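Worksheet: one structure, shown below.
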Amino acid sequence: MFPIRDHNPSGRRPFVTYLLIAANVAVFLLFNLMMDERQLVYFFYDWGFVPRFVTEGISLHGIVSHMFLHGGWMHLLGNMLFLFIFGDNMEDEMGHFGFALFFLLSGLAAVGLQFVADPWSEIPMVGASGAIAGVMGGYLLLFPKARVDVLIIIVIFFRIFPIPAWIVLGVWFGLQLFNGAVTPLEGGGVAYWAHIGGFVAGGAMTVPLWLRRGGVGFWNRTHGTPPHPEARYDFVRSRVPQVPRRPR
C-alpha cells in the first residue's frame with residue numbers, strides 16, 4: 001500500500017515545498033556523484049545526526065543538516081513523494097514562511113524524540129522523514145477525510161484505491177508505533193521514534209491553525225474534506241493478460 005497522490009489541490013503555488021524537494025535532490029546528487037561508499041559513511045558521520053555527538057557536545061549542526069541527506073535512491077524518492085503529496089496543502093494553509101518554519105520545527109522534534117530514545121547511539125540518522133512526518137500529522141488534523149490515492153500491487157496486478165487520509169495516515173502512524181516498540185534501538189535501520197516525534201509535533205503545532213479555522217466547526221463545515229473542489233482522476237485498473245489460443 002503506497003500513497004501516490006491526493007485529491008486536495010492547493011490554492012497557491014507551493015514554492016517552499018518545491019524548494020525543499022529541489023534542495024534534497026541536489027544534495028543527494030552532488031555528494032553521491034562525488035564520493036564513493038566509504039567517503040559517504042564519513043560524510044554522514046560529519047553531517048548526519050549522531051546522538052552521542054550531541055550528548056558529548058562535539059557537534060550540533062547535524063540536528064538540522066541531517067534533514068537534507070539521504071542514504072539511497074529509494075530513501076530519497078519515498079520521502080520526496082510524501083512531501084510532494086502532503087506539503088503543498090500545508091503550505092497553502094500556513095503560508096510560505098510559516099510552512100518553512102513548521103517543517104524545520106517538525107524535524108527538530110523528530111530529532112528530539114530519537115535523541116531521548118537513545119542518547120548514546122553512534123549511528124548517524126539521515127533523511128527528511130521526521131520533518132515530513134510532521135507535515136503528515138498536520139495534514140491529518142486539517143483534512144482527515146481528504147481522499148488519498150493508494151497504489152496496491154499484488155504480484156503482477158495493481159489497483160489504485162482512493163482512501164480517506166485518516167486511514168492512510170493513521171495506519172502509517174500505527175506502524176511506526178508498533179515498529180518503534182519492537183525494534184531494538186542499537187540495530188540501526190529506520191528511525192521510528194523520529195517519525196513518531198515529528199508526526200505528533202506536527203499535529204500539535206497545527207492545532208492553533210485548526211482552532212482559528214473553527215476547530216470542530218471547521219470539520220463540520222467541510223466534513224473533514226478539502227474546503228474547495230477536490231481533484232478528480234481517471235482510475236486505471238489492471239487487467240488479467242489474455243493468453244492467445246493456439247490453433248489446433
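Between TRP166 and VAL216, residue separation times 0.36 nm minus the direct Cα-Cα distance comes to 16.5 nm.
Once the mean of 1/r is taken over each pair of separate Cα atoms and inverted, the range 129-230 shows a Kirkwood hydrodynamic radius of 15.0 Å.
Kirkwood hydrodynamic radius, the chain, all distinct C-alpha pairs: what's the number in Å? Working shown, then result.
Working: mean 1/r = 0.0517 Å⁻¹.
Computed over Cα pairs of the chain, the Kirkwood hydrodynamic radius comes out at 19.3 Å.
Summarising the amide proton neighbourhood of ASP6: residues at separation of 5 or more, or on other chains, whose placed amide H is nearer than 5 Å comprise ASP149.
The residues packed around ASN220, meaning those with a beta-carbon under 14 Å from its beta-carbon, carry a net charge of +3 if Lys and Arg are +1 and Asp and Glu are -1.
The listed residues GLU230, GLU186, GLU93, GLU56 rank as GLU186, GLU56, GLU230, GLU93 when sorted by accessible area, largest first, using a 1.4 Å probe. Specify the residue with the greatest mean-square fluctuation among PHE218, PHE178, PHE49, computed from a Gaussian network of the chain linking alpha-carbon atoms under 10 Å apart. Result for the chain, Cα springs under 10 Å: PHE178 fluctuates most. Using the Cβ of TYR18 as centre and a radius below 11 Å, the other residues enclosed give a net charge of -1, where K and R count +1 and D and E count -1.
So what is the 222 nm mean residue ellipticity for the chain from helices alone, if each DSSP H run of at least 4 adds -39500 (n - 2.57) and you divide by all residues, rounding to the nearest 500 deg cm²/dmol? List each step's numbers first, then the result.
Working: 10 runs with 144 residues, N = 248.
One gets -19000 deg cm²/dmol as the mean residue ellipticity at 222 nm.
Here the Karplus relation 6.51 cos²θ - 1.76 cosθ + 1.60, evaluated at θ = phi - 60°, turns the backbone of the range 140-152 into coupling constants of 4, 5, 7, 10, x, 10, 4, 7, 10, 7, 10, 8, 10 Hz, with x for every Gly and Pro.
The values are calculated or read from the model by the stated rules, or taken from the named source; none is laboratory data. What you are looking at is a predicted structure, and each value in this text was computed from that prediction instead of being measured. Here the Cβ is made from the backbone with ideal geometry for all residues, glycine too, and neighbour counts use every protein chain on show. Heads up: the accessible areas ignore ligands, DNA and RNA and are worked out on the full protein's heavy atoms, side chains in. Shrake-Rupley method; radii C 1.70, N 1.55, O 1.52, S 1.80 Å.
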